[in-house]
């Protein structure tokens, strides 16, 4: 058993993992739940893993150094199209068109992520833009995988279609291609959006697939139901962000989510248990 197998074993040692993602600040800015992440992160000690950007990994070392801490997942790249909303006033420059191509830019290499405490790294794969962007993104993804393999670090391949879930309007072809490409290019896990026919994605993606919790919901039971359905359709774990981060009581919200994922509690019962704590 190598380092990669040991780290994956830890992730799955307590059943289907619940991962909390808090990397939104790099493209959405600060919002309640991550404004003071260094202190707010302590609410998520029961998660199986916690996903952060490199800078926040440095800021939150006290959280990750505990014996019972969640595994640390660090993001390696960032999508250049996140810059586009901030460049409206510069739209007269031809350079601005670069931000529409969906190019991924490298934030850090695997070695640096390990130096920050990463147990697992995550790399986004973008497809479906122009040939230059595709070539850049695929090459970068392959380089991350090769480096991670040399260090025994698992790689999560993230596939979210360029333009978002609404892009294919029920056609799973793009999602099936992107998730399978992550596996073909050497990822160990896949993180992707949850859709109604998710069982078709988990069947063809070959490697363990983690389902995103999605955007914010009006009721906790709706968010919990996504986790339940994802597991029923073959997901090996879930990744939740704002629904947990922005909850009125994030500690007990996470407790309820864990009950759904690990203990078979119904979404409705989990919601009742959560609302009692408010």
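The values are calculated or read from the model by the stated rules, or taken from the named source; none is laboratory data. Bear in mind that the values here come from a model prediction, so they are computed numbers and not experimental data. Counting neighbours? That spans all protein chains shown, and the Cβs are built from the backbone with ideal geometry, glycine included.
Would you point out which residue out of 276, 233, 248 is out of contact with any strand residue (DSSP E or B) (no Cβ under 7 Å at 6 or more places or on another chain) and free of Cβ contacts under 8 Å to residues at least 24 places away in the same chain?
Checking each option against the conditions leaves just 276.
Scan the strands (runs of 3 or more DSSP E) fully inside segment 50-132 and keep the ones with 1 or more residues being modelled with pLDDT of 80 or more, under 21 Å from residue 241 (Cβ atoms) and out of contact with any helix residue (DSSP H, G or I) (no Cβ under 6 Å at 6 or more places or on another chain). Talk me through it step by step, then tell me what you get.
Details: elements: 71-75, 77-79, 104-106, 120-124.
The qualifying strands (runs of 3 or more DSSP E) are 71-75, 77-79, 120-124.
Condition test on residue 153, is it touching a strand residue (DSSP E or B) at 6+ places or on another chain (Cβ under 8 Å) and modelled with pLDDT of 75 or more?
Yes.
Limited to segment 64-85, what total is found for residues that are surrounded by 14 or more Cβ atoms within 10 Å (Cβ to Cβ) and under 19 Å from the mean Cα position of the chain (by Cα)?
Number of matching residues: 14.
Limited to segment 7-32, what total is found for residues that are in a loop (DSSP other than H, G, I, E, B) and under 14 Å from the mean Cα position of the chain (by Cα)? Walk me through how you get there before you give the answer.
Looking only at segment 7-32, we keep the residues that are in a loop (DSSP other than H, G, I, E, B), and these are 12, 14, 16-17, 22-24, 29-32.
Still in the running and under 14 Å from the mean Cα position of the chain (by Cα): 17, 22-24.
Total meeting the criteria: 4.
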